[in-house]
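To keep things clear, I will list the structure first and then write my remarks on it.
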Amino acid sequence: MPVLIDTVAWVRVEDGRILCARPKGKDVFYIPGGKRETGETDLQTLLREVEEELTVGIVPSSVRHAGTYEAQAHGHPDGVVVRMSCYYGDYRGTLAVSGEIDEMSWFSFADRPLVPPVDQLLFDDLRASGELR
């Protein structure tokens, strides 16, 4: 039976580019977000993770589902699958990297090779819908 890593991610697209972040010590960028803690809802996970990583508050009333994706987890043994439940949402505050994040960047579709397999699935859908340049 596969091992499942359950994550929630924030999809922020502006001017045809998507916000990505590179955690400390990692060699790839990810869609901002992270692992669900025991008993947390998707919304609770989203709010906590985005505030921890990028120091902004997601506006709960603006959150809407963007899709759920599953793929082999980057940097894990075969059979470890990450499930990423993705949400759009407006935010309050100023985007800034926290102590957990080394770098943030706005990626176009051309930057797709720089993100892990599950994030690439989201990139494909955003490109197909015309949101990602």
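Tabulated data for the structure shown
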{"quantity": "Paired Rg and Dmax values of the range 20-133, which use every Cα atom, in angstrom", "calculated": "13.8, 39"}
{"quantity": "The range 1-40, Rg to Rh (Cα coordinates; Rh as Kirkwood inverse mean 1/r)", "calculated": "1.06"}
{"quantity": "Helix-only [θ]222 nm of the chain, DSSP H runs n ≥ 4, -39500 (n - 2.57) each, per residue, nearest 500", "calculated": "-6000 deg cm²/dmol"}
{"quantity": "Accessible surface of the chain [probe 1.4 Å, protein heavy atoms]: carbon and sulfur percent", "calculated": "51 percent"}
{"quantity": "Pairwise centroid distance, computed over Cα atoms, of the range 84-133 with the range 31-72, Å", "calculated": "13 Å"}
{"quantity": "Residues of the range 1-116: accessible area per residue with a 1.4 Å probe, Å²", "calculated": "52 Å²"}
{"quantity": "Largest-first principal axis extents, alpha carbons of the range 87-133, Å", "calculated": "32, 23, 17"}
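The values are calculated or read from the model by the stated rules, or taken from the named source; none is laboratory data. Everything numeric here is computed off the predicted structure, so don't read it as measured data. For accessibility, only protein heavy atoms count, side chains too; no ligands or nucleic acids. Shrake-Rupley method; radii C 1.70, N 1.55, O 1.52, S 1.80 Å.
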